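Bear in mind these aren't lab numbers, they're just calculated from the coordinates by the rules spelled out. The shown structure was predicted, so the numbers you read here are calculated from the model rather than taken from an experiment. Note that we place each Cβ from the backbone using ideal geometry, even for glycine, and neighbour counts take in every protein chain shown.
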Amino acid sequence: MTAKDTKPVLMPSEVSARVGFFDRFAGWSALIASRAYFFAFCVLLIVLWAPSYFFMRNVDTWQLIINTATTIITFLMVALLQNSQTRSDQAIQHKLNAITDGLSDLMRHLIEGHDETDLRTDMIELRDAVGLETHESTTNNRQAG
């Protein structure tokens, strides 16, 4: 790989701390959807829907109601959960970038005996990587390169 083929990597200190409304909403939604009480709420909806057949007396309308509701909810949840997954993946990648850069500089320091400036910078980057997933944003952090 030549120098022109390498792309600069985004380090944790370069990640924007500004998280947009949609990212916050998607994170909140993922937190709610991953709880047992959300599952219980979904089961309760099905339990309430099932006996509604006796009030409607029309199987097509009865099925259409649950099919439409579940399709809409599924569509929206996939979009929200994908956003949360993407932010998590980006945070992990930035952490791996910091670890790799730190190890590379440490190995170079041990082999060549350089000064400790690079190692201090890497220590800061590694500390910035802790908790990165809480302020990772899909809108403000574009991949470098």
Computed ³J(HN,Hα) along region 95-101: with the Karplus parameters 6.51/-1.76/1.60, θ = phi - 60°, integer Hz and x for glycine or proline, the list is 5, 4, 4, 5, 5, 4, 5
If the chain between I32 and L110 were fully extended at 0.36 nm per residue, the gain over the current Cα-Cα distance would be 23.3 nm
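Hey, got a sec? Which chymotrypsin sites (Phe, Trp or Tyr not before Pro) in region 42-94 land in a DSSP loop and have at most 12 other Cβ atoms within 10 Å?
Sites meeting the loop and neighbour criteria: none at all.
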Placing each pseudo-label 7 Å from Cα in the direction of the beta carbon, F41 and T68 end up separated by a distance in nanometres of 2.2
